[in-house]
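Heads up, the thing below is written out as structure tokens.
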Amino acid sequence: MGSQRELQEGYRIPAKPEEYLKLNYIPDDADIVPSPPIQNGLSFPLAASEIKFLPLKSVKLLTINSDCKDVIEITLILKDENLTYIPGDTVGVIPKNDPLEVEEIISHLGLRDKLDEKCTLLVENSSENGNRKPKELPAHLPKSSTLRNIFESCVEIRGPPKKIFLRALAEYASDENEKNELLKMCSKEGSAEYERVFSSSSGTSPGFGLLQFLKAYPSCIPPVSVLLQHLTRLRARPYSIASSPLVEDKCVRLIFSVYKERDSKGVCTGWLEGFLPPVNLEEQLSSLSLSETMPEVPLFFRKSSGFCLPDDHSVPLILIGPGTGVAPYIGFLEHLSALKKDYESMKCGEVWLFYGCRNPEQNLIYENYLKNFVESGILSRLFLSFSQYSGSFDGWNGSKYVQESIEKVGGSFVEQLIDKGSVLYVSGDGMHMFKDIKEKITALIGEHKGVTAEEASDMVKILITKKKYLEDIWI
Ligand code: NAP
């Protein structure tokens, strides 16, 4: 136990972690909470509200024959009148793991017939524990439940196992080669191999999850309690709210993209996609007869990051957000539109939107909606960019990326940002876009204001400090 190290062919193998979680199956008539609160009622990081169960109002596919990803819109009814949000706010959706994936995992462990049996979880502290802090049941796990509930709703089954978890699993690989491979990978010397096997991601891969692990090391059949001791808590997935609370029939609208390939689907997006009405008529009829009531989506409102409209609506806005990065801006535009209806004399500043997608024939989501905002004067200018398109499209100047659109606007962009005092918002993929856009804007300021690169960079920093340059970064 503890920090002992075993030496094996030059690899320092960490000691096997102590196993302290016990799982017992109990008789069906035993008195347990049949459906415990989500993850034992444990609050979620960044939660600004309790968990709410919002009924689905509609689910729509927004893309048309898209190549690899679809975009789906989910509208949820905000039935609690006291509950509200502001455009730019985000929610954490508490997903469920794919039931088929869960069944495959449990079947691999030989426990298929135990999946829906009642069980209890308890901690057995070893007498060798000495003065160390007694182990406790992980807070996200219920004391009593079923394996199905625990694996679907409480633990993360995607994502690579940490080395300590791998060490625990190695113990249960009956094949010597598999066992040695696992033992080596959890040593310091085996780090490169660990990275190669578990961190290799194609960019579309949802990660090396538990099921992939069990398929790659089929002789490894650990006790389910060992899995539950090491699997981390199922995380809530954040989404921007793409609606305004001011529109009639107060709702929360979310949009998200989901890969078409089953193996590439994310946990939450794959689960939410399951609410799309079936295409096939027979399936539609059977799903109608099965569900009288609309399903509910558990979520909580997250603490605001300050990515919101300025209090003074006469301040001009520059909104930049390709793909589903447009989500918060749909909320902004709806909000300004609703305010304008209520207060006709309200003066709104100019709103420019830089928006893009791959191909306007497939994934230009909210095309008509945005055009309506242009026609009603809420959106002053709409700049489109299409990264994988060579045709012609009304109002498109050939820009591939939003940065290219910004560059083409050039001096007017700088004037709008600096001289007219716009608030600039950027929302989208955190990998490269934010850096690319910041560099482009810095270069434009340098060019059009006749300042050095350093001075331009300082001007951008000042905008950020003054909250005139806001970023909503999604990793
Ligand atoms: P996407 O289809 O992958 O990309 C949208 C467009 O952005 C494509 O034309 C893409 O071009 C382009 N693009 C790629 N890299 C870029 C870069 N470095 N700079 C500028 N443009 C770039 O978009 P998506 O799947 O909707 O994802 C958009 C991002 O927004 C995700 O990171 C998502 O997490 C985030 N987001 C989501 C929400 C939400 O609530 N769901 C809210 C805010 C932001 P290519 O042809 O090169 O791919």
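Computed from the Cβ-Cβ distance with R0 of 51 Å, the FRET efficiency linking Asp419 to Asp263 stands at 0.50.
Each residue, Lys347 and Arg112, gets one label point 7 Å from its Cα in the Cβ direction; the gap between the two is 7.2 nm. Contact order for the stretch 339-475, expressed relative to its length and based on alpha carbon pairs under 8 Å spaced 6+ residues apart, stands at 19 percent.
If you line up the long axis of helix 281-290 against the longest principal axis of the chain, both from Cα atoms, how many degrees apart are they, to the nearest 10? Computed tilt is about 70 degrees. The angle between the Cα long axis of helix 453-465 and the longest principal axis of the Cα atoms of the chain comes to about 70 degrees, rounded to the nearest 10.
For the stretch 305-398, the relative contact order is 29 percent, taking Cα pairs closer than 8 Å that sit 6 or more residues apart in sequence and dividing their mean separation by the residue count. Only beta bridges with both residues in the chain are counted; by DSSP, about 65 percent of them are antiparallel. Tell me, how many Å apart are the Cα centres for the stretch 325-352 and for the stretch 83-152? One Cα centre to the other: 43 Å.
Entry note, the chain: relative contact order of 19 percent, from Cα contacts under 8 Å with a spacing of 6+ residues.
Remark on the chain: ratio of C-alpha radius of gyration to 2.2 N^0.38 Å is 1.14.
Coordinate-derived values only; no laboratory data. No experiment lies behind these values; they were computed from the predicted model shown. In this analysis, Cβ positions are derived from the backbone assuming ideal geometry, glycine residues included, and neighbour counts consider all displayed protein chains.
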